[in-house]
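Heads up, the thing below is written out as structure tokens.
The values are calculated or read from the model by the stated rules, or taken from the named source; none is laboratory data. Note that the structure is a prediction, hence the values are computed from the model and not measured. In this analysis, Cβ positions are derived from the backbone assuming ideal geometry, glycine residues included, and neighbour counts consider all displayed protein chains. Surface accessibility is based on the protein's heavy atoms, side chains included, excluding ligands, DNA and RNA. Shrake-Rupley method; radii C 1.70, N 1.55, O 1.52, S 1.80 Å.
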Amino acid sequence: MPQNYLFDPNSKAMNRGDYRPSEYLIPKTALHFDLDDTATVVKSQLTIQPNPAVKNGGGPLILNGEAMKLISLKINGQTLDRQDYTVTDKELIIKRPPSGEFTLEIENEIDPTSNTMLEGLYKSDGLLTTQCEAQGFRRITYYLDRPDILSAFKVTLEGDKDKYPCLLSNGNGDVTKTEDIGDNRHRITWNNPHPTPAYLFAIVAGDLNMLEDSFTTVNGKKVTLRIFVEDGYENKIKWAMESLKRSMKWDEETYGREYDLDVFHIVAVKGFNMGAMENKGLNIFNISLLAGDPDTTTDARLIDIEAVIGHEYFHNWSGNRVTVRDWFELTLKEGLTVLRDRQFTADMHSHASKVIEDAAIMEGGQFIEDSGPSSHPIRPDFVQEFDNIYSATVYQKGSHVLGMMKTILGDDVWRKAMDEYFGRFDGQAVTCDDFIDVMQEVSGIDLSEFRRWYSQSGTPEIEFDGHYDAKAKTYSLTLKQSTPPTADQKDKQPLYIPVSVGLIGQNGKDIPLTLDQDNSAAETTKVLHLTKQEQTFTFTNVEGPVVPSILRGFSAPVKITSEISDDDLIF
């Protein structure tokens, strides 16, 4: 087998089984930024608590921190002696923290201009902006920079009015009402009351133009909406604003998810190093993904803009309010949110076109990844770097795995299970197993075999063979599944695959389907539950020869390998 250099099980660099909960929690975080292009001073006040879930805790407090200069350090208002802590190029270690809750005050300095890693706070095209997913917050201040540390953030920004007329961060606040503090400087405070991991933290400071609108939620709350762009893009963001409002309405109607802050902000700039990022209440985009005018932009491009705006907005619940325990669980938020944005696009436009597009994306990208040297399951067990996890497998295949679960449960049960998932884990960092447990509990369906999709890589292949018995008026359809060996896994097990099937009569129309020993009402499309290597399904009361229609709606991310005759294809 070729070496899997990104997801190597022989490497212990990153191992999902090594996860341990933090000995400490940070329920409250207060940050103060004195913004400067080359010498931004960050003052943090952290409320630290022992984690009650960790027995025999109380060891050293080890905070992540890179590329910064420590200025001062206090615990409960008292300056720490130099012998009580250690600073390395990766960590700040407080050797003997107090027992019980305490306050840690840190003052440090960072240089956004020299931050060529473009993680944390950096300067680009005259703006200060941030990117903290997956591990960028540690380049802003010393912190427990891991997604299972959720904190209520209060952020104060101050800076020169001419350099930074616009000061944005997460949470509630009014960007149009800053406080004048003299010397041509101003200040604003943002409050995010919802427990949020540091990877969702964001700052944008600079000279930006603003489009403002509003949205009234299903319960009557008026939310102020603002999109910020650089000069030259002011007339290219109206479609984006309308797309945002459609996203908010769709999420309320389809998933019952109401927006939870008083403001929602989007910033779209040329210098953002990622495509888009779902920071809590302050989504940041590269302008190339957001700017578009219906008079001059293609329909396909406008749909793409709408989809990515929807994706980042939908993360407010599937990723922000309920987040991931660790980065190995990334598909929990990304696969689910891609599924949600795919549903959104289909509902806004054409379901059939969206299915074709989704199948083409899988065939043209993810199937290739599955068969190459970097093959990996949607939830890898080993990685060299967490950046490697951001893959077509985790995002696209992950969304189709969840789509299969939705197909197995049915739309009504899926919605009930999703309501339970969001309600049960609101404000928590959880795992894919937690999600599946809820789906299984609410539906009553045994999903034990289905869990293999999370640990097995590769693209399953399905062969089918049909036989019509004119005398008995039955049609027997045999399905066989197999998954070829991949670079990371030689041996494969059968998967739980929902195969959506129809039978087309000689008149070109679907015939009603009744499965042997099936008392449900006749339908023209049936979902066959393929759980073994080979299964035969028999349809009864079938009038005349039929042509099978397999994998309708791209019901599973698999390949059909049976050769189909030209006559059947033409038919």
>> Need one word for the range 275-432: rounded, prolate or oblate. Basis is the Cα gyration tensor (sqrt eigenvalues a ≥ b ≥ c); a/c below 1.5 gives rounded, then a/b vs b/c decides.
In response: rounded
> For the range 30-71, what is Rg from Cα atoms divided by 2.2 N^0.38 Å, rounded to two decimals?
Replying inline: 1.61
> Taking a spot 7 Å from the Cα of K177 along the direction of its beta carbon, which residues of the range 208-226 have an amide N less than 18 Å from it?
Replying inline: 212-215, 222-226
> Using alpha carbons only, what's the Rg to Rh ratio of the range 298-384 with Rh from Kirkwood?
Replying inline: 1.01
>> Heavy atoms only, 1.4 Å probe, whole protein assembly: order I378, I361 by accessible area, highest first.
In response: I361, I378
> When the Cα centres of the range 329-388 and the range 408-451 are compared, how far apart do they sit, in Å?
Replying inline: 20
>> Using only the alpha-carbon atoms, what does the range 377-426 span along each of its principal axes? Please give whole angstrom values in decreasing order.
In response: 39, 24, 14
> Here are several values of semi-axes √(5λ) of the Cα gyration tensor in Å: (i) 48, 28, 20; (ii) 60, 31, 21; (iii) 49, 28, 24. Which one was derived from the coordinates shown?
Replying inline: (i)
> Which value, to two decimals, describes the C-alpha radius of gyration of the range 94-213 once divided by 2.2 N^0.38 Å?
Replying inline: 1.15
> Can you give the extra length, in nm with one decimal, that the chain gains between S549 and R187 once fully stretched, where that is 0.36 nm per residue apart less the Cα-Cα distance?
Replying inline: 124.0 nm
> Do you know the relative contact order of the chain, to the nearest whole percent, from alpha carbon pairs under 8 angstrom that are 6+ apart?
Replying inline: 12
> Based solely on its DSSP helices, what 222 nm [θ] is calculated for the chain when runs of n ≥ 4 H residues each add -39,500 (n - 2.57) and the sum is averaged over all residues, nearest 500 deg cm²/dmol?
Replying inline: -6500 deg cm²/dmol
>> Please state the shape class of the range 387-496: rounded when a/c is under 1.5, otherwise prolate if a/b exceeds b/c and oblate if not, all from the C-alpha gyration tensor.
In response: oblate
> Carbon-plus-sulfur fraction of the accessible area of the chain, 1.4 Å probe, in percent?
Replying inline: 46
> What do you get for Rg/Rh over the range 24-163 if you use C-alpha atoms and the Kirkwood form of Rh?
Replying inline: 0.97
> Straight-line reach from K270: which lysines have Cα under 17 Å away, leaving out those fewer than 8 places along the same chain?
Replying inline: K123, K236
>> Counting pairwise Cα distances across the range 224-294, what percent come out greater than 17 angstrom?
In response: 44
> Over the heavy atoms of F382, what accessible area does a 1.4 Å probe trace out, to the nearest 10 Å²?
Replying inline: 50
> What is the helix-to-structure angle for 432-443, meaning the angle in degrees between its Cα long axis and the longest Cα principal axis of the chain, kept from 0 to 90 and rounded to the nearest 10?
Replying inline: 50
>> Against the 2.2 N^0.38 Å scaling, with N counting residues, where does the range 143-261 land? I'd like the Cα-based Rg ratio to two decimal places.
In response: 1.20
> For the chain, what is the accessible area per residue in Å² when the probe is 1.4 Å?
Replying inline: 42
> If contacts are Cα pairs under 8 angstrom and at least 6 residues apart, what is the relative contact order of the range 191-287 in percent?
Replying inline: 27
>> Explain nothing, just the number: relative contact order of the range 454-571, from Cα pairs under 8 Å at least 6 residues apart, as a whole percent.
In response: 33
